[in-house]
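**Student:** I am attaching a structure below and will ask some questions about it afterwards.
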Amino acid sequence: MTKFRKKLKEIMPEKLKYFLWPIIHIGRFATIRKNVRYSLSISEGKSRRIFRFRACEHGNVGDQAIMLAENKFFDNYSENCINISKIMWIYAKSMIKRNLNSNDLIVMHGGGYIGTLWPTAEKQTREIIKSFPNNKIVFLPNTIFFEDSPYGMKEVMKTKRIWEEHGNIHICAREKQSYDYCRSHLAHSVSLIPDIVLYLNKQNKETHRSGVLLCFRSDQETVLKKSEICNLINELKNRSLEYMITDTVQPYDIPFSMCEDEVNKKLDEFRASKLVVTDRLHGMIFAAITGTPCVAINNISRKVEGVYQWIDYLDYIKFVYNPEEMFHETNNLLSKDLNATWDNTPLMKRFEKLSKILELNEI
């Protein structure tokens, strides 16, 4: 059943998903509103609260890792976010709007949903922005991608107009390409901040490693052909190398309470591998933060390449542009005995900048 649900979600148009989502979850209506009411009540009395919109409850473990890293980041400043997921917004919109004060800070969950790749996410994000014209809004590290077409230009102008009408939005772009695009097409209030999962350190030197972990996309962001992945698998078989196929997307929803457990369970797969080959951004990042050698290849929005530029000082992470280079670097890394050690010290000044953007020391 779970395989059927996963396949159905892959082929279902985004607009249909957006329409069906509230219907599918109608049984949770009362529970969701009760949870929102409780979250709002325990935060009463604070002069300034932090609301995280589009908080993740779906099965993408990369997005769950972003949630976990954001939680750790805010914890370091003794701050907690009030989580508002997409389904909470749909079912408790009026309650949320009534309870937010103009001095509350709104943060938008980090990720890669700004633009035309995920239109339902962009639609809801615009709606949230228009609903809170008097609040400061900060997009946590994100990728921006509008397709280069008449449709893409039409959509970017819609987003630009909404952002400009609001007037108090700050964008954190997680790679240079998004930063440049934002400055030239959307907004000047933008900062270059790494993907926040790079804030974590999840390596374990005592772990026994074996085999190759393959982690590839199967959605609209992939640029690899199935035949190219099959060729890599055949290459591993010819060398009598063990391999395992995984993904960073689970076919079930993950509630807030299970976020850390699910992320750690996935990271265990990376920690147990001698090498990772992936076209998933968080496949590469999971390899980096667990000290696991990795060959990473781009996706359609080029966010893998963009975020790699933050960690190109790591000799155990290799970025490639095509399948031929992917085969070559796979053999190259397998032939080496690397002492892979994750060190995010070069990135910490950027995360300190994020705390200033959020005015955390002033809350």
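A short reminder: the numbers here are calculations on the coordinates, not readings from a lab. Quick caveat, the model's predicted, so the values are computed rather than measured. Every residue, glycine among them, receives a Cβ derived from its backbone with ideal geometry; neighbour counts consider all protein chains shown.
**Student:** Listed residues 318, 265; which is more than 22 Å from residue 107 (Cβ to Cβ) and in contact with a helix residue (DSSP H, G or I) (Cβ under 6 Å, 6 or more places away or on another chain)?
**Tutor:** 318
**Student:** So which residues in the range 98-146 are of a type in the set (Gly, Ala, Ser) and touching a Leu at 6+ places or on another chain (Cβ under 6 Å)? Talk me through it step by step, then tell me what you get.
**Tutor:** Our first condition is that a residue be of a type in the set (Gly, Ala, Ser); within the range 98-146, this holds for 102, 110-112, 115, 121, 131.
110, the sole residue that qualifies.
**Student:** When only residues in the range 48-58 that are touching a residue at least 60 places away in the same chain (Cβ under 8 Å) and farther than 19 Å from residue 255 by Cβ count, which is surrounded by the fewest Cβ atoms within 10 Å (Cβ to Cβ)?
**Tutor:** 48
**Student:** With the requirement that a residue be in a helix (DSSP H, G or I), in contact (Cβ under 8 Å) with a residue 40 or more places away in the chain and over 18 Å from residue 353 (Cα atoms), what does the range 187-229 give you?
**Tutor:** Once the filter is applied, which keeps residues that are in a helix (DSSP H, G or I), in contact (Cβ under 8 Å) with a residue 40 or more places away in the chain and over 18 Å from residue 353 (Cα atoms), the range 187-229 yields only 228.
**Student:** Scan the range 157-176 residue by residue and report those that are surrounded by fewer than 19 Cβ atoms within 10 Å (Cβ to Cβ) and either in a helix (DSSP H, G or I) or more than 22 Å from the chain's Cα centre (by Cα) (or both).
**Tutor:** 157, 158, 160, 161, 162, 164, 165, 166, 167, 168, 176
**Student:** Go through the range 264-363 and tell me which strands (runs of 3 or more DSSP E), entirely inside it, have 2 or more residues that are over 17 Å from residue 196 (Cα atoms) and touching a residue at least 60 places away in the same chain (Cβ under 8 Å). Full working, then the answer.
**Tutor:** Working: elements: 275-278, 294-297, 317-320.
The qualifying strands (runs of 3 or more DSSP E) are 275-278.
**Student:** Would you check if there is a residue in the range 136-144 being hydroxyl-bearing (Ser, Thr, Tyr), under 30 Å from residue 73 (Cα atoms) and surrounded by 21 or more Cβ atoms within 10 Å (Cβ to Cβ)?
**Tutor:** Within the range 136-144, one or more residues are hydroxyl-bearing (Ser, Thr, Tyr), under 30 Å from residue 73 (Cα atoms) and surrounded by 21 or more Cβ atoms within 10 Å (Cβ to Cβ).
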